[in-house]
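Undergrad: Encoded as structure tokens, here's the structure I'll be asking about.
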């Protein structure tokens, strides 16, 4: 009970400290991306890779934004890792996708990438390539944001309220923020299933 109580209390503190201006800046960038028919490339490793797959679905289906993630093609990703190495795997995937300035990158990462410590180097190399071609960069990251926060056009850094819970809090709030984004009135173009279903029909609808 003590741990559960303190964990929930920590999440309340994080909610109070989220940077709403950074979130609204991401909304602006997403709206602009859709208006110019750009593509959204979502990058993450570990839990962030799982988030990326889920978010690709939401941005495509709910926001009407063409979106992709390297984590969704395990054959290509592992081939690139095997042949070229982990560090360049995402950057080379972006090259193969012909990323342009009209596209955008979204990063889910706890640390944001750090070449000096060889942490998420593949994210850093991918962001360096994105910057070379002029693609805007957004991130939802933890700790101090790492390399992502340094170069991003908009970055939400999940506040650290307990150093022992950085990873679970960051990954939890990444999901909260991207769901906020796709459901934002300026971003959402399609109604979601349960929001479009009347309460009287609830018992008959499956899924």
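Undergrad: Please go through region 99-113 and pick out each residue that is under 19 Å from residue 27 (Cα atoms) and part of a loop (DSSP other than H, G, I, E, B).
TA: Passing the criteria: 101, 102, 103.
Undergrad: Can you name the condition, by its number, that residue 28 falls short on among (1) under 19 Å from the mean Cα position of the chain (by Cα); (2) surrounded by 15 or more Cβ atoms within 10 Å (Cβ to Cβ); (3) in a helix (DSSP H, G or I)?
TA: It fails just one condition, (2).
Undergrad: Which condition from (1) outside any helix (DSSP H, G or I); (2) out of contact with any helix residue (DSSP H, G or I) (no Cβ under 7 Å at 6 or more places or on another chain); (3) within 25 Å of residue 167 (Cα to Cα) is the one that residue 42 breaks?
TA: Here residue 42 meets the rest and fails (2).
Undergrad: Only residues that are within 27 Å of residue 137 (Cβ to Cβ), touching a residue at least 12 places away in the same chain (Cβ under 8 Å) and out of contact with any strand residue (DSSP E or B) (no Cβ under 9 Å at 6 or more places or on another chain): list them for region 12-26, please.
TA: Taking region 12-26 and keeping what is within 27 Å of residue 137 (Cβ to Cβ), we get 14-26.
Checking which are touching a residue at least 12 places away in the same chain (Cβ under 8 Å) leaves us with 14, 17-19, 22-23, 25-26.
Those that are within 27 Å of residue 137 (Cβ to Cβ), touching a residue at least 12 places away in the same chain (Cβ under 8 Å) and out of contact with any strand residue (DSSP E or B) (no Cβ under 9 Å at 6 or more places or on another chain): 14, 17.
Undergrad: Would it be correct to say that residue 64 is more than 16 Å from residue 155 (Cβ to Cβ) and not in a helix (DSSP H, G or I)? Spell out the reasoning first.
TA: On the way: more than 16 Å from residue 155 (Cβ to Cβ): yes; not in a helix (DSSP H, G or I): yes.
Taking the combined requirement at face value, the residue satisfies it.
Undergrad: Out of the residues in region 177-207 that are modelled with pLDDT under 65 and not in a helix (DSSP H, G or I), state the one that is surrounded by the most Cβ atoms within 10 Å (Cβ to Cβ).
TA: Only one residue fits best here, namely 205.
Undergrad: Taking the options 82, 57, 92, 122, name whichever one is over 25 Å from residue 190 (Cα atoms), touching a strand residue (DSSP E or B) at 6+ places or on another chain (Cβ under 9 Å), modelled with pLDDT of 95 or more and assigned to a helix (DSSP H, G or I). First the steps, then the outcome.
TA: Numbers: 82 fails: touching a strand residue (DSSP E or B) at 6+ places or on another chain (Cβ under 9 Å); 57 fails: over 25 Å from residue 190 (Cα atoms); 92 fails: touching a strand residue (DSSP E or B) at 6+ places or on another chain (Cβ under 9 Å).
One residue alone meets the criteria, 122.
Table: residues versus (1) in contact with a helix residue (DSSP H, G or I) (Cβ under 7 Å, 6 or more places away or on another chain); (2) in contact (Cβ under 8 Å) with a residue 12 or more places away in the chain; (3) surrounded by 15 or more Cβ atoms within 10 Å (Cβ to Cβ); (4) over 20 Å from residue 100 (Cβ atoms).
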residue	(1), (2), (3), (4)
51	yes, yes, yes, yes
63	yes, yes, yes, no
67	yes, yes, yes, no
71	yes, yes, yes, yes
75	no, no, no, yes
81	yes, no, yes, yes
84	yes, no, no, yes
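Conditions tested, residue by residue: (1) within 25 Å of residue 16 (Cα to Cα); (2) in contact (Cβ under 8 Å) with a residue 24 or more places away in the chain; (3) touching a helix residue (DSSP H, G or I) at 6+ places or on another chain (Cβ under 8 Å).
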{"site": "107", "(1), (2), (3)": "yes, yes, yes"}
{"site": "112", "(1), (2), (3)": "yes, yes, yes"}
{"site": "119", "(1), (2), (3)": "no, yes, yes"}
{"site": "122", "(1), (2), (3)": "no, yes, yes"}
{"site": "131", "(1), (2), (3)": "no, no, yes"}
{"site": "141", "(1), (2), (3)": "yes, yes, yes"}
{"site": "160", "(1), (2), (3)": "yes, no, yes"}
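Undergrad: Follow-up. Out of (1) surrounded by fewer than 18 Cβ atoms within 10 Å (Cβ to Cβ); (2) within 24 Å of residue 38 (Cβ to Cβ); (3) at pLDDT below 95, what's the single condition that is false for residue 145?
TA: (1)
Undergrad: If only one of 140, 166, 157 is modelled with pLDDT of 95 or more, crowded, with 16+ Cβ neighbours inside 10 Å and over 30 Å from residue 100 (Cβ atoms), which one is it?
TA: On the way: 140 fails: over 30 Å from residue 100 (Cβ atoms); 157 fails: over 30 Å from residue 100 (Cβ atoms).
Step by step, each of 140, 166, 157 is checked, and only 166 is modelled with pLDDT of 95 or more, crowded, with 16+ Cβ neighbours inside 10 Å and over 30 Å from residue 100 (Cβ atoms).
The values are calculated or read from the model by the stated rules, or taken from the named source; none is laboratory data. This one's a predicted model, so the numbers in the text were calculated from it and none came from an experiment. Counting neighbours? That spans all protein chains shown, and the Cβs are built from the backbone with ideal geometry, glycine included.
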